[in-house]
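Undergrad: Can you keep this structure in mind? I'll have questions shortly.
The values are calculated or read from the model by the stated rules, or taken from the named source; none is laboratory data. Predicted, not measured: the structure shown is a model, and the values here were computed from it. Don't worry about glycine lacking a Cβ; one is built from the backbone with ideal geometry, like all the others, and counts go over all protein chains shown. Each accessible area value is taken on the protein alone, full model and side chains, heavy atoms only, with ligands, DNA and RNA left out. Shrake-Rupley method; radii C 1.70, N 1.55, O 1.52, S 1.80 Å.
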Amino acid sequence: MSDAITHTGDHTHGHGHDDHHGPHIKKGILPWIGRWVFTTNHKDIGTLYLWLSFLMFFVGGAMALLIRAELFKPGLQIMNPDFFNQMTTLHGLIMVFGVIMPASVGLANWLVPMMIGAPDMALPRLNNWSFWLLPFAFTILMSTLFMKGSAPNFGWTFYAPLSTSYGPPSTDFFIFSVHLMGISSIMGALNIIVTILNMRAPGMTMMKMPIFVWTWLITAFLLLAVMPVLAGAVTMVLTDRHFGTSFFNAAGGGDPLLFQHVFWFFGHPEVYILIMPAFGIISEIIPTFSRKALFGRSFMIYAIAAIAILSLIVWAHHMFTTGITLSAELFFMYATMLIAVPTGVKVFNWVSTMFQGAMTFETPMLFAVAFVILFTIGGFSGLMLSIVPADFQYQDTYFVVAHFHYVLVPGSLFALMAAVYFWLPKWTGHMYNEALGKWHFWLSVISMNVTFFPMHFLGLAGMPRRVPDYALQFADFNAIASVGAFVFGVAQLLFLANIILTIRGGKKATTKVWEGSQGLEWTVPSPAPYHTFATPPVVK
Amino acid sequence: MSSEGSYYLPDPSHWPLIGCIALFSMAIGAANWIHGNTIGPYLLIFGLLVLFFMMFGWFRTVIHESLAGHYGDKVDTSFRWGMGWFIFSEVCFFGAFFGALFYTRWITIPSLAGTYGTQASIHTNLLLWPNFTGGWPVFHPPATKIFAGMKSVMETWGIAAINTAILLTSGATITWAHWALVKHKRKQLIFSMVLTVLLGIVFLYLQAHEYAIAYMEKGLTLGSGIYGTTFFMLTGFHGLHVTIGTIMLIIITLRCARGHFGPNNLFGFEAVSWYWHFVDVVWLGLFIFVYWL
Ligand SMILES: [Cu+2]
């Protein structure tokens, strides 16, 4: 695709300096605020999503460090068990809904229009609404920390009856904040899917679309399918709590297990919502730094679609120990294992892309390679968990914690960091500091493994998850994990510093930025002008 | 910003922020109301008013831009895809509640009654709810002291059947309106639109009447146990959507009267008619699975 682009140029702007990197606004704080609050520009909104995500990353990270501080040694150290439960709950909610998802949507905002040669998102005003709902939603969620009783303390999965009969009063505020996040996600996904389907430049056929765009097409579909189900789940919790319904109450003929079915019908596709855009990012970065085309491109697309379809029929693998029937266990076990096939195709294709490539290892590539290796570890532990009799042992232990942190931290999060390093020169017009980037990478990848790898052992040895205190034999690995976590936390300050330094200055980035870059976004100047592709490029 | 042939990009807009303030006020208003705080209902109503203000202003802007000819075919296509996917997400929302209904009827009730065919089911019944016999509707929930059950439920071939006929008819009248719009039959257009609105209103009136009977005479309430739960939540959310749909129909009727639409410029009309058909189809599901089977 990239070799045959006739770029008709950006007609509205010349190649001046920073004056074309934003709208013309008056000087002063109010016009500045107005610019960001009222903006309908996909690049502005992408930036807002990314900064919100980064802010929440430090908030959710601070909670994780509190958790690790408490678990540094056995016995209660710095907090009571109820506060510990609030921390695990909010840490999970914030990392899922406040960090990974907004960062992915932010990248989609910045990149999808540029990658398909569109002038902006299809519905720019709706785009603004999707973003600005999030700060309001998180204001409500964070305010629960200061409410009478406690903040939500039932885990991010808010199982009934913990969230119904036994939920603290703040649960209702949590429910409404999830409603706002859901509205935001649905409108954001709708916008992305419409943009991809309707705004492609002439000649940009579906099969020519960059893989990142493909992953977002599928992700948006999944969001539209399952976020409403989450809205239904929280609504049922709300009415069970206050309006006398008995969805999840056996006394009225309902069933707490129904909650788990509804929740995981959302929850399992949700994990693909968190990882799919990461797949897309990795599929852009590895070919660039291997200086080769992506191996098995069309199979990559089929694999993404297959994973999305399968993700809708595997939810009960989270419920193997709840007493569901044997036939259900067998169905959900085999369906879950089947996901390993398309996932294996993807990993194979990434490795084959690197094979005999002229590889270099700039920071984005380092993160991408780490992704391929470490995400695969998370995938394998997932395969272990899918085996019903084995899961009877692993269920609710630290093995599960290790598993999903391996797919989320060196998986989703590393991919997002890789993306930031990869496209930052295009966004800011400056190259980031490579040495600082490498420091960030090596500190992160080592400390992340120090944090999460011992959790496999803890889980296999029987340490339950979501406990503030534990038996003596788990002490050593917990201490190691806590040390790793703090190093990881500090390493992220390097990331922040690097981004700020890059925004403020640094070596000028060229249009192409990377030697092997492919795709339309590398044909517009760096920094990308405020409006790109006002006249669509022609893709041959 | 727009020129012939290029995609219309709107200027910065304050409507989304107003929409955020509206939903934020509604959210914290509702939560406070539930907790018995005086400020709750006021905040909720304030938020609702702001939401109406936002919708009025936002849609007015869109209508002005549309009438000014800013939107080409491509913007029109974006709107169509957008509405289509929005309805898809609405279908999924109802899917959650239908799923809860099917799960309850096929798995939960037999499990509690000891008839699901597993050891666990037999033990659950014997040890926890020995008096529970199952069946659907659940007239006597497992713990009748907490969830009282009901005397009887709504008949299939009473109000529900009439309402089915009303909604199906309204689906036909809005199709008539669509035909009239394309064929420039202005009088027929207005007449069929007014008819559709009236049918929507009659439906809502009958449903309110049905709820009144359920609460006053049959003891069928939200707190009746799982039957009342699924009955009121499914029909209630559907009724909410009919209410929203009827308001949209009224607005569209007024816009028809002002001559806003033509055969090539009728997205607003079609969006509302799609929505109305969606509400119609959901009702058919309700009639079959909630009232009939
Ligand atoms: Cu899962």
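Undergrad: What number goes with the only condition from (1) touching a Leu at 6+ places or on another chain (Cβ under 9 Å); (2) surrounded by fewer than 20 Cβ atoms within 10 Å (Cβ to Cβ); (3) among the hydroxyl-bearing types (S, T, Y) that B:T246 does not pass?
TA: (2)
Undergrad: Another one. Would you be able to say whether some residue in the stretch B:14-37 is in a helix (DSSP H, G or I), loosely packed, with under 15 Cβ neighbours inside 10 Å and more than 7 Å from chain A (Cβ to nearest Cβ)?
TA: Our first condition is that a residue be in a helix (DSSP H, G or I); within the stretch B:14-37, this holds for B:15-34.
This time we only want the ones that are loosely packed, with under 15 Cβ neighbours inside 10 Å, so: none.
Within the stretch B:14-37, not a single residue is in a helix (DSSP H, G or I), loosely packed, with under 15 Cβ neighbours inside 10 Å and more than 7 Å from chain A (Cβ to nearest Cβ).
Undergrad: Can you confirm whether the stretch A:191-202 contains a residue that is open to solvent by 10 Å² or more (accessible area, probe 1.4 Å), over 20 Å from A:G92 (Cα atoms), within 10 Å of another protein chain (Cβ to nearest Cβ) and out of contact with any His (no Cβ under 7 Å at 6 or more places or on another chain)? Write out each step before concluding.
TA: Of the residues in the stretch A:191-202, the ones open to solvent by 10 Å² or more (accessible area, probe 1.4 Å) are A:197-198, A:200, A:202.
Now narrow it down to the ones that are over 20 Å from A:G92 (Cα atoms): A:197-198, A:200, A:202.
Still in the list and also within 10 Å of another protein chain (Cβ to nearest Cβ): A:197-198.
In the following step, the residues that additionally are out of contact with any His (no Cβ under 7 Å at 6 or more places or on another chain) were identified as A:197-198.
Yes, the stretch A:191-202 contains a residue that is open to solvent by 10 Å² or more (accessible area, probe 1.4 Å), over 20 Å from A:G92 (Cα atoms), within 10 Å of another protein chain (Cβ to nearest Cβ) and out of contact with any His (no Cβ under 7 Å at 6 or more places or on another chain).
Undergrad: Could you go through the stretch A:271-278 and let me know if any residue there is free of Cβ contacts under 8 Å to residues at least 40 places away in the same chain, away from the ligand (no atom under 14 Å from the Cβ) and not hydrophobic (A, V, I, L, M, F, W, C). Please lay out each step first, then the result.
TA: Taking the stretch A:271-278 as the starting set, the residues that turn out to be free of Cβ contacts under 8 Å to residues at least 40 places away in the same chain are none.
No, the stretch A:271-278 contains no residue that is free of Cβ contacts under 8 Å to residues at least 40 places away in the same chain, away from the ligand (no atom under 14 Å from the Cβ) and not hydrophobic (A, V, I, L, M, F, W, C).
Undergrad: Being within 30 Å of A:P113 (Cα to Cα), in contact (Cβ under 8 Å) with a residue 60 or more places away in the chain and outside any helix (DSSP H, G or I): is that true of A:M204 here?
TA: Details: within 30 Å of A:P113 (Cα to Cα): yes; in contact (Cβ under 8 Å) with a residue 60 or more places away in the chain: yes; outside any helix (DSSP H, G or I): yes.
The answer is yes for A:M204.
Undergrad: Can you tell me how many residues within the stretch B:126-150 are part of a helix (DSSP H, G or I) and free of Cβ contacts under 8 Å to residues at least 12 places away in the same chain? Let's see the steps before the verdict.
TA: Here is the first cut: in the stretch B:126-150, the ones part of a helix (DSSP H, G or I) are B:126-128.
Applying the additional criterion that residues be free of Cβ contacts under 8 Å to residues at least 12 places away in the same chain yields B:127.
Residues meeting the conditions: 1.
Undergrad: In the stretch B:100-118, how many residues are more than 9 Å from every other protein chain (Cβ to nearest Cβ) and β-branched (V, I, T)? Spell out how you get there, then give the answer.
TA: Here is the first cut: in the stretch B:100-118, the residues more than 9 Å from every other protein chain (Cβ to nearest Cβ) are B:101-102, B:105-106, B:110, B:113-115.
Next, from what is left, pick out any that are β-branched (V, I, T): B:115.
Going through the stretch B:100-118 one residue at a time, the tally reaches 1.
Undergrad: Quick check, is B:V153 part of a loop (DSSP other than H, G, I, E, B) and not assigned by TED's automatic domain parsing to the domain that holds B:Y275?
TA: Numbers: part of a loop (DSSP other than H, G, I, E, B): yes; not assigned by TED's automatic domain parsing to the domain that holds B:Y275: no.
The answer is no for B:V153.
Undergrad: Limited to the stretch A:106-145, what total is found for residues that are over 30 Å from A:P168 (Cα atoms), within 11 Å of chain B (Cβ to nearest Cβ) and among the aromatic types (F, W, Y)?
TA: 1
Undergrad: Please enumerate the residues belonging to the stretch A:113-167 that are in a helix (DSSP H, G or I) and of a type in the set (V, I, T). Explain how you work it out, then say what you get.
TA: Of the residues in the stretch A:113-167, the ones in a helix (DSSP H, G or I) are A:113-116, A:124-146.
Correct list: A:I116, A:T139, A:I140, A:T144.
Undergrad: Given the conditions (1) in contact (Cβ under 8 Å) with a residue 12 or more places away in the chain; (2) closer than 27 Å to B:N125 by Cα; (3) at the interface with another protein chain (Cβ under 8 Å from one of its Cβ atoms); (4) among the hydroxyl-bearing types (S, T, Y), report the number of the one that A:T164 does not fulfil.
TA: (3) is the only condition that A:T164 fails.
Undergrad: Now for a separate question. Within 14 Å of another protein chain (Cβ to nearest Cβ) and on the phi > 0 side of the Ramachandran plot - does that describe any residue in the stretch A:265-285?
TA: no
Undergrad: Taking the stretch B:106-138 only, how many residues are surrounded by fewer than 19 Cβ atoms within 10 Å (Cβ to Cβ) and closer than 22 Å to B:G219 by Cβ?
TA: Adding up the residues that qualify gives 4.
Undergrad: Going through the stretch B:59-89 one residue at a time, which ones are in a helix (DSSP H, G or I), open to solvent by less than 50 Å² (accessible area, probe 1.4 Å) and more than 7 Å from chain A (Cβ to nearest Cβ)?
TA: Matches in the stretch B:59-89: B:T61, B:V62, B:I63, B:E65, B:S66, B:V75, B:D76, B:F79, B:M83, B:G84, B:I87.
Undergrad: Could you tell me how many of the residues in the stretch B:222-266 are of a type in the set (F, W, Y), touching a residue at least 40 places away in the same chain (Cβ under 8 Å) and within 11 Å of another protein chain (Cβ to nearest Cβ)?
TA: Here the count works out to 3.
Undergrad: Here is a list: A:A220, A:A250, A:A231, A:A225. Which entry is at the interface with another protein chain (Cβ under 7 Å from one of its Cβ atoms), in contact (Cβ under 8 Å) with a residue 12 or more places away in the chain and more than 16 Å from the ligand (Cβ to nearest atom)? Walk me through it before giving the result.
TA: Details: A:A220 fails: at the interface with another protein chain (Cβ under 7 Å from one of its Cβ atoms); A:A250 fails: in contact (Cβ under 8 Å) with a residue 12 or more places away in the chain; A:A225 fails: more than 16 Å from the ligand (Cβ to nearest atom).
Of A:A220, A:A250, A:A231, A:A225, the one residue that is at the interface with another protein chain (Cβ under 7 Å from one of its Cβ atoms), in contact (Cβ under 8 Å) with a residue 12 or more places away in the chain and more than 16 Å from the ligand (Cβ to nearest atom) is A:A231.
Undergrad: Give just the number: which of (1) open to solvent by less than 40 Å² (accessible area, probe 1.4 Å); (2) at pLDDT 95 or above does A:A435 not satisfy?
TA: Status for A:A435: all satisfied but (1).
Undergrad: Quick check, is B:L127 closer than 24 Å to A:W315 by Cα and more than 26 Å from the chain's Cα centre (by Cα)?
TA: Working: closer than 24 Å to A:W315 by Cα: no; more than 26 Å from the chain's Cα centre (by Cα): yes.
Spelling it out, it is not the case that B:L127 is closer than 24 Å to A:W315 by Cα and more than 26 Å from the chain's Cα centre (by Cα).
Undergrad: Looking only at the stretch A:379-402, count every residue that is open to solvent by less than 40 Å² (accessible area, probe 1.4 Å) and assigned to a helix (DSSP H, G or I) and tell me the total.
TA: The number of residues fulfilling the criteria is 14.
Undergrad: Tell me which of these A:L76 doesn't satisfy, since it passes every other one: (1) within 23 Å of A:F404 (Cβ to Cβ); (2) surrounded by fewer than 20 Cβ atoms within 10 Å (Cβ to Cβ); (3) not polar (S, T, N, Q).
TA: (1)
Undergrad: Here is a follow-up. Take the conditions within 16 Å of the ligand (Cβ to nearest atom), surrounded by 22 or more Cβ atoms within 10 Å (Cβ to Cβ), closer than 27 Å to A:L123 by Cα and of a type in the set (F, W, Y) and apply them to A:F266. Does it pass? If you could, list the steps in order and put the result at the bottom.
TA: Working: within 16 Å of the ligand (Cβ to nearest atom): yes; surrounded by 22 or more Cβ atoms within 10 Å (Cβ to Cβ): yes; closer than 27 Å to A:L123 by Cα: yes; of a type in the set (F, W, Y): yes.
Against the criterion (within 16 Å of the ligand (Cβ to nearest atom), surrounded by 22 or more Cβ atoms within 10 Å (Cβ to Cβ), closer than 27 Å to A:L123 by Cα and of a type in the set (F, W, Y)), A:F266 qualifies.
Undergrad: If I ask for residues that are in a loop (DSSP other than H, G, I, E, B) and either more than 7 Å from chain B (Cβ to nearest Cβ) or open to solvent by less than 20 Å² (accessible area, probe 1.4 Å) (or both), which ones from the stretch A:234-247 would you list? Steps first, please.
TA: Start the filter on the stretch A:234-247 by keeping residues that are in a loop (DSSP other than H, G, I, E, B), which leaves A:243-247.
A:T245, A:S246, A:F247, listed by residue number.
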